[in-house]
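> Here it is: the structure, laid out below.
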Amino acid sequence: DQQVKQNSPSLSVQEGRISILNCDYTNSMFDYFLWYKKYPAEGPTFLISISSIKDKNEDGRFTVFLNKSAKHLSLHIVPSQPGDSAVYFCAASALGNQFYFGTGTSLTVIP
Amino acid sequence: ETGVTQTPRHLVMGMTNKKSLKCEQHLGHNAMYWYKQSAKKPLELMFVYNFKEQTENNSVPSRFSPECPNSSHLFLHLHTLQPEDSALYLCASSQATPNYGYTFGSGTRLTVV
């Protein structure tokens, strides 16, 4: 049973607009969440994290929102740039243990 | 060299071959992982090593055999694989506990013919 789900396999956005990537989870024990970005032929690289004691974390153009009651998190990229085109994975863990990953969302930013 | 390094980047092997994937990390981490990424599937955790000791084996077939001689090196020995084992194999490292996230290598793209 998949504990972390990314229901949108792909997303296309115009350059300069906002990209919103969504992630849902089922395990209420999850208390730490990550977003990774992956280019083709490369390993995933860490993008941004959020702890369950927060509902928002911002780093430059990237903001992650956490809604614990809905077991939902989202990644906002504003403004989107062509270099942001990649596959984005969300991941969740409980109590500092292993991370569970979603299936990824492929983002295409159209110039 | 820094980060997590995986070799080879690409590997094509026959079903009767024996090959090994190598992973090396220079981050001072004490946990290392093998993940499998197949198309349209989540990253699948295969093996976990904490302080050189295997702490998790997620029901991985015995044709995959991990080895962790020290906390900086991790191998995945492959033998008599099946075509469905073709995938991207990712190595990652982290602090053991608490784990605040992984640093991944670039992966080995494996094709079994």
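> Of the numbered conditions (1) buried (at least 19 other Cβ atoms within 10 Å of the Cβ); (2) closer than 15 Å to A:G104 by Cα, A:Y39 satisfies every one except a single condition; which is it?
Tallying (1) buried (at least 19 other Cβ atoms within 10 Å of the Cβ); (2) closer than 15 Å to A:G104 by Cα, A:Y39 fails exactly one: (1).
> Is there any pair with a first residue in region B:62-77 that is basic (K, R) and a second that is surrounded by fewer than 17 Cβ atoms within 10 Å (Cβ to Cβ) whose Cβ atoms are under 9 Å apart and which are 6 or more apart or on different chains, and what are they?
B:R63/B:H79; B:R63/B:T80; B:R63/B:Q82
> Can you list the strands (runs of 3 or more DSSP E) found entirely within chain A that contain at least 2 residues being facing chain B (nearest Cβ under 10 Å)? Lay out the reasoning, then the answer.
Values: elements: A:10-14, A:19-25, A:32-38, A:45-51, A:56-59, A:62-67, A:72-77, A:86-93, A:99-101, A:105-110.
Hits in chain A: A:32-38, A:45-51, A:86-93, A:99-101.
> Would you kindly identify the strands (runs of 3 or more DSSP E) lying entirely within region B:18-70 that contain at least 2 residues that are within 30 Å of A:N7 (Cα to Cα) and at pLDDT 90 or above? Explain how you work it out, then say what you get.
Details: elements: B:18-25, B:31-37, B:44-50, B:53-57, B:64-70.
Ranges flagged: B:31-37, B:44-50.
> Do the conditions hold for B:F47, that is, is it closer than 21 Å to A:A94 by Cα, without any contact (Cβ under 8 Å) to a residue 60 or more places away in the chain and either among the small types (G, A, S) or out of contact with any strand residue (DSSP E or B) (no Cβ under 7 Å at 6 or more places or on another chain) (or both)? Before you say what the answer is, go through the steps one by one.
On the way: closer than 21 Å to A:A94 by Cα: yes; without any contact (Cβ under 8 Å) to a residue 60 or more places away in the chain: yes; either among the small types (G, A, S) or out of contact with any strand residue (DSSP E or B) (no Cβ under 7 Å at 6 or more places or on another chain) (or both): no.
So B:F47 fails the test.
> Residues in region B:68-92 that are within 14 Å of chain A (Cβ to nearest Cβ) and either farther than 27 Å from A:P40 by Cβ or over 10 Å from the mean Cα position of the chain (by Cα) (or both): how many?
Residues meeting the conditions: 1.
> Another question, then. Return the residues of region B:28-48 that are away from chain A (no Cβ under 12 Å) and either hydroxyl-bearing (S, T, Y) or farther than 26 Å from B:M13 by Cα (or both); say none if nothing qualifies.
Let us first name the residues in region B:28-48 that are away from chain A (no Cβ under 12 Å), namely B:28-30, B:32, B:34.
Listed by number, the residues that qualify are B:G28, B:H29, B:N30.
> So, one more: What is the residue count in region B:90-113 for residues that are in contact with a Leu (Cβ under 6 Å, 6 or more places away or on another chain) and among the aromatic types (F, W, Y)?
Selection size over region B:90-113: 1.
> Identify, from the list A:T26, A:T45, A:T63, the residue that is among the polar types (S, T, N, Q) and in contact (Cβ under 8 Å) with a residue 40 or more places away in the chain. Spell out the reasoning first.
On the way: A:T45 fails: in contact (Cβ under 8 Å) with a residue 40 or more places away in the chain; A:T63 fails: in contact (Cβ under 8 Å) with a residue 40 or more places away in the chain.
Going through A:T26, A:T45, A:T63 in turn, just one is among the polar types (S, T, N, Q) and in contact (Cβ under 8 Å) with a residue 40 or more places away in the chain: A:T26.
> Would you point out the residue of region A:58-111, among those that are among the polar types (S, T, N, Q) and touching a Phe, Trp or Tyr at 6+ places or on another chain (Cβ under 6 Å), that is surrounded by the fewest Cβ atoms within 10 Å (Cβ to Cβ)? Before you say what the answer is, go through the steps one by one.
Taking region A:58-111 and keeping what is among the polar types (S, T, N, Q), we get A:63, A:67, A:69, A:74, A:80-81, A:85, A:93, A:97-98, A:103, A:105-106, A:108.
Within this subset, residues satisfying the condition of being touching a Phe, Trp or Tyr at 6+ places or on another chain (Cβ under 6 Å) are A:74, A:93, A:105.
Details: A:S74: 16, A:S93: 21, A:T105: 22.
So the residue we want is A:S74.
The values are calculated or read from the model by the stated rules, or taken from the named source; none is laboratory data. In this text the structure is predicted, and so the values were computed from the model without any measurement. Reconstructed Cβ throughout: ideal geometry from the backbone, glycine too, with neighbour counts over all protein chains shown.
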